[in-house]
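The values are calculated or read from the model by the stated rules, or taken from the named source; none is laboratory data. Values in this document were obtained by computation on a predicted structure and should not be read as measured data. FYI the Cβ positions are ideal-geometry reconstructions off the backbone, even for glycines, and counts take in every protein chain you see.
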Amino acid sequence: MKIFYSVTSPFARKCLVSAHELGLRERLELVPAAAHPVNRDPALVAINPLGKIPALITDEGDVLIDSCVICEYLNTLGDGHLVAPSGAARWRVLADQALADGILDAAVLARYETAVRPENLRWDAWIRGQLDKVTCALAELERRAGELAGRIDIGTIAIGCALGYLDFRYAWMSWRDQHPATAAWYAEFAQRESMATTRPG
Ligand code: 99T
């Protein structure tokens with residue numbers, strides 16, 4: 001299988017961490033890709049019309065896009081322990097993934113607003129709105145941090161990748177100061193080999 005990725009993409013990291021936890025990491029060939037919302041990479045667009053990473057080409061030649069879809073696929077190739085098959089546990093895990101991905105969607109959009117958009121076209125209120133999503137989601141995570149202990153699933157992997165992205169792009173936020181329970185959980189989770197070997201940088 002080939003995965004189009006970049007070391008700075010938290011969505012691609014979710015897939016790499018999932019593959020590692022499922023014992024599939026060696027089956028993934030990493031293809032670096034330059035995803036950009038404006039300067040779209042034609043080689044990537046040929047695989048994924050959205051021009052986004054991650055994108056996966058399976059051994060059968062099928063293209064799968066979006067980290068949630070790719071992680072579900074990897075989960076079915078492995079022993080399936082990252083997503084509970086049914087019941088309340090399934091919805092908890094998927095809802096946690098959605099919350100973490102929502103943090104990432106907002107954080108990546110705000111990042112593009114400053115890193116990509118010309119300064120004279122920036123809209124500060126819009127950036128603040130995106131970052132408020134991050135703030136509100138972190139508060140919700142802190143309320144439920146006690147439920148995360150001991151869980152290795154697509155929900156906790158996504159949360160770990162979201163917190164890692166905040167450390168990488170938004171170190172100035174110092175999110176740990178207001179979220180000690182989340183910080184304590186993350187300190188342990190980030191030591192997993194799957195997380196340590198995929199740290200952005
Ligand atoms: O928006 C674009 O055209 C290019 N952006 C991406 O490909 C980002 C890279 S994160 N990926 C996504 O937005 C994927 C979202 C999708 N729902 C999924 O796969 O889950 C790069 C962040 C950075 O380098 O700071």
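State whether the residues of the range 121-136 include one that is assigned by TED's automatic domain parsing to the domain that holds D96, on the phi < 0 side of the Ramachandran plot and touching a His at 6+ places or on another chain (Cβ under 6 Å). Scanning the range 121-136 turns up no residue that is assigned by TED's automatic domain parsing to the domain that holds D96, on the phi < 0 side of the Ramachandran plot and touching a His at 6+ places or on another chain (Cβ under 6 Å).
Within the range 103-144, the set of residues being within 14 Å of the ligand (Cβ to nearest atom), of a type outside the set (V, I, T), out of contact with any helix residue (DSSP H, G or I) (no Cβ under 6 Å at 6 or more places or on another chain) and assigned to a helix (DSSP H, G or I) comprises D105, Y112, A115.
Consider I70 carefully, then state whether it is in contact with a strand residue (DSSP E or B) (Cβ under 6 Å, 6 or more places away or on another chain) and within 30 Å of T182 (Cα to Cα). In short, yes. Return the residues of the range 80-96 that are over 17 Å from C15 (Cβ atoms) and outside any helix (DSSP H, G or I); say none if nothing qualifies. Correct list: A84, P85, S86. Looking across the range 146-194 at every residue that is away from the ligand (no atom under 16 Å from the Cβ) and of a type in the set (S, T, Y), the one that is nearest to S9 (Cα to Cα) is identified as S194. So, of the residues in the range 61-79 that are of a type outside the set (A, V, I, L, M, F, W, C) and part of a helix (DSSP H, G or I), which turns out to be nearest to the ligand (Cβ to nearest atom)? Ranking the candidates gives S67 first.
Highlighted here are the helices (runs of 4 or more DSSP H) found entirely within the range 152-201 that include at least 3 residues which are touching a residue at least 60 places away in the same chain (Cβ under 8 Å) and under 13 Å from the mean Cα position of the chain (by Cα): 154-169. A single member of A34, A12, A19, A55 is within 19 Å of the chain's Cα centre (by Cα) and modelled with pLDDT under 95, and it is A34. Cβ-Cβ contacts under 6 Å between residues 6 or more apart (or on different chains), taken from a first residue in the range 58-72 that is more than 19 Å from I157 (Cβ to Cβ) and modelled with pLDDT of 95 or more to a second residue that is in a helix (DSSP H, G or I) and within 13 Å of the ligand (Cβ to nearest atom), are listed as V63/I47. When the criteria are applied in full, L28 fails the requirement of being in contact with a Leu (Cβ under 9 Å, 6 or more places away or on another chain), touching a residue at least 40 places away in the same chain (Cβ under 8 Å) and either more than 13 Å from the ligand (Cβ to nearest atom) or within 24 Å of A110 (Cβ to Cβ) (or both).
When the range 13-47 is examined, which residues are found to be over 17 Å from P200 (Cβ atoms) and crowded, with 21+ Cβ neighbours inside 10 Å? Selection gives E21 alone.
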